[in-house]
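Here's the structure we're looking at; comments come further down.
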Amino acid sequence: VRPEVVDATVLDVEESRHPVVEQMLPAGRFVPNDLRLRAQGSGAEPRLMLVTGPNMGGKSTVMRQAALMVLLAHTGSFVPAKRARIGLVDRIFTRVGAADDLGRGESTFMVEMRETAQILTQATVRSMVVLDEIGRGTATYDGLSLAWAITEFLHDQIGCRALFATHYHELCGLSARLAGVKNAHVTV
């Protein structure tokens, strides 16, 4: 569908699909999904969605598909959805996957923290942020503390549209404390 690109800080897609994953599956096997986010001060919808679910359940697919929708809309392309209303973004920030740079003395955790710090210092209310499993490269409670603080900072200080996949189910309690946080669970 041709997306409606608007000046508002919104991401509202109905029956969206990941075009690459969908092509790899038999016809009709990809389950489309809806996604609604609004940046701080833009309405009652959440601005940050915590995505939980089993390994290989589709968390990363949903998040990457959202970022891809935003990118396609900004290039003037059609998007794989029934309906799409996508607000302008200044940048798309992602932190997905594991990588290290051991030759320079940087572990997977160090690379993760450096990239996350860049996101937290450069993102604005107009940005789209996609984070996948932040804090998993260290001790459980250290990782949970980092993920919790990063979620609160994205919500309270930046206020951008964000998706954060996590296995730290303790973070789901933030939706009761922070008005702009919504929990979503991916099922197979």
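The values are calculated or read from the model by the stated rules, or taken from the named source; none is laboratory data. Everything quoted here is computed from the prediction, not taken from an experiment. Cβ: placed from backbone, ideal geometry, glycine included. Neighbour counts: every protein chain shown. Surface accessibility is based on the protein's heavy atoms, side chains included, excluding ligands, DNA and RNA. Shrake-Rupley method; radii C 1.70, N 1.55, O 1.52, S 1.80 Å.
Data overview
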{"read-out": "Ellipticity estimate at 222 nm from DSSP helix runs (n ≥ 4, -39,500 (n - 2.57)) divided over the chain, nearest 500", "value": "-9000 deg cm²/dmol"}
{"read-out": "Mean Cα-pair separation over length for the stretch 31-118, i.e. relative contact order, pairs under 8 Å, 6 or more apart, %", "value": "13 percent"}
{"read-out": "Relative contact order %, the chain, counting alpha carbon pairs below 8 Å whose residues are six or more apart", "value": "32 percent"}
{"read-out": "Accessible area in square angstrom per residue, the stretch 1-72, 1.4 angstrom probe", "value": "52 Å²"}
{"read-out": "Three-way shape call for the stretch 84-169 based on the alpha-carbon gyration tensor, with the a/c threshold at 1.5", "value": "prolate"}
{"read-out": "Surface accessible to a 1.4 Å probe, per residue, for the residues of the stretch 117-167, Å²", "value": "38 Å²"}
{"read-out": "Ranked packing of 133-144, 156-167, most packed first, by mean Cβ within 10 Å", "value": "156-167, 133-144"}
{"read-out": "DSSP beta bridges in the stretch 10-144 [antiparallel fraction, %, rounded to 5]", "value": "70 percent"}
{"read-out": "Solvent-accessible area, 1.4 Å probe, carbon plus sulfur percent, for the chain", "value": "54 percent"}
{"read-out": "Cα gyration tensor shape of the stretch 1-128, rounded if a/c is under 1.5, else prolate or oblate by comparing a/b with b/c", "value": "oblate"}
{"read-out": "Cα gyration tensor shape of the stretch 1-59, rounded if a/c is under 1.5, else prolate or oblate by comparing a/b with b/c", "value": "oblate"}
